[in-house]
1. So, in the stretch 139-157, of the ones that are farther than 16 Å from Q178 by Cβ and buried (at least 22 other Cβ atoms within 10 Å of the Cβ), which residue ends up modelled with the lowest pLDDT?
2. Would you call N147 of a type in the set (S, T, N, Q) and more than 17 Å from the chain's Cα centre (by Cα)?
3. For A103, which of the numbered conditions (1) buried (at least 17 other Cβ atoms within 10 Å of the Cβ); (2) within 20 Å of E185 (Cβ to Cβ); (3) at pLDDT 95 or above; (4) not aromatic (F, W, Y) fails to hold?
4. Checking P183 against (1) within 16 Å of A103 (Cβ to Cβ); (2) surrounded by fewer than 16 Cβ atoms within 10 Å (Cβ to Cβ): exactly one of these is not met. Which one?
5. Looking only at residues that are among the hydrophobic types (A, V, I, L, M, F, W, C) and outside any loop (DSSP other than H, G, I, E, B) in the stretch 92-130, which one is farthest from I44 (Cα to Cα)?
6. State yes or no: is V168 surrounded by 23 or more Cβ atoms within 10 Å (Cβ to Cβ), in contact (Cβ under 8 Å) with a residue 24 or more places away in the chain and touching a Pro at 6+ places or on another chain (Cβ under 6 Å)?
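The values are calculated or read from the model by the stated rules, or taken from the named source; none is laboratory data. Model, not experiment: these values are computed from the prediction. Every residue, glycine as well, gets a Cβ built from its backbone with ideal geometry; the counts of neighbours run over all protein chains shown.
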Amino acid sequence: MAAATTSTPSPEATLSGFSTFERAALRVRNIGCGGVSRGSGFAIADRVFVTNRHVVSGATVLQVSTYDGRDITVNAVGAVVVADLALVWTKESLPATLQLASANPLPGAEVTAVGYPLGGELTTTSGKVLRYGNDPLGSSPFQMMYNSAPIEHGSSGSPLVDKAGKLVGVAYAGGGGQYIAVPVETLSQVLRDPSKFSNQTSCD
């Protein structure tokens, strides 16, 4: 998938020409449950990042790396079932953190997904919020954000950011021109109640 350049957010430039949201994105490799799977994530604090629960499920080893190829050591993982979200705590500081938007974007708003599809290079794709609706996979009781920013395998857990570079969603699933993200208001709600997170990362 080629990187899209249609509507890229324009927060301040950072080291080596990478924007803050690109530096905050992480590559995640899960070794466990009889195989290897790949995903993405993004930092929300100096040593904490967010991804999808299914990205870390069943991990014997989680391998995490940054935009500049630096390997990051994982200390602990907490997963929440209701919204397919996970928090991962790291030993080392992460390169950059994302600021969460205060509200979900309206339909028609421009969004950019940034992650590591197929476990490859850092990639950005752009699209718009299409609508909000039920989770077609039945994993969450919360409304999901349907959007047109393309993702592929390995993009699960990628941040979706608005034109200001603030986080508005967490890539979850999709295809056929419609892609699904956990909206920022759901993430914020879950983050306010750490008791929702469990260290269970089984293959279920």
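1. Residue satisfying both the conditions and the ranking: G154.
2. Details: of a type in the set (S, T, N, Q): yes; more than 17 Å from the chain's Cα centre (by Cα): no.
Judged against the criteria, N147 is not a match.
3. (1) is the only condition that A103 fails.
4. Just one mismatch for P183, condition (2).
5. Restricting attention to the stretch 92-130, the residues satisfying the condition of being among the hydrophobic types (A, V, I, L, M, F, W, C) are 94, 96, 98, 100-101, 103, 106, 109, 111, 113-114, 118, 122, 129-130.
After this cut, where a residue has to be outside any loop (DSSP other than H, G, I, E, B) as well, the list is 100, 111, 113-114, 118, 129-130.
On the way: L100: 8, V111: 18, A113: 16, V114: 15, L118: 23, V129: 22, L130: 25 Å.
Ranking the candidates gives L130 first.
6. Numbers: surrounded by 23 or more Cβ atoms within 10 Å (Cβ to Cβ): yes; in contact (Cβ under 8 Å) with a residue 24 or more places away in the chain: yes; touching a Pro at 6+ places or on another chain (Cβ under 6 Å): yes.
Criteria met by V168.
Yes/no matrix, rows are residues, columns are (1) buried (at least 21 other Cβ atoms within 10 Å of the Cβ); (2) out of contact with any helix residue (DSSP H, G or I) (no Cβ under 8 Å at 6 or more places or on another chain); (3) closer than 14 Å to R29 by Cα:
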site: N52; (1), (2), (3): yes, yes, yes
site: L62; (1), (2), (3): yes, no, yes
site: L85; (1), (2), (3): yes, no, no
site: T90; (1), (2), (3): no, yes, no
site: T97; (1), (2), (3): no, no, no
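Yes/no matrix, rows are residues, columns are (1) among the polar types (S, T, N, Q); (2) assigned by TED's automatic domain parsing to the domain that holds L118; (3) at pLDDT 90 or above:
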position: S7; (1), (2), (3): yes, no, no
position: R23; (1), (2), (3): no, no, yes
position: G35; (1), (2), (3): no, no, no
position: D46; (1), (2), (3): no, no, yes
position: V50; (1), (2), (3): no, no, yes
position: T66; (1), (2), (3): yes, no, yes
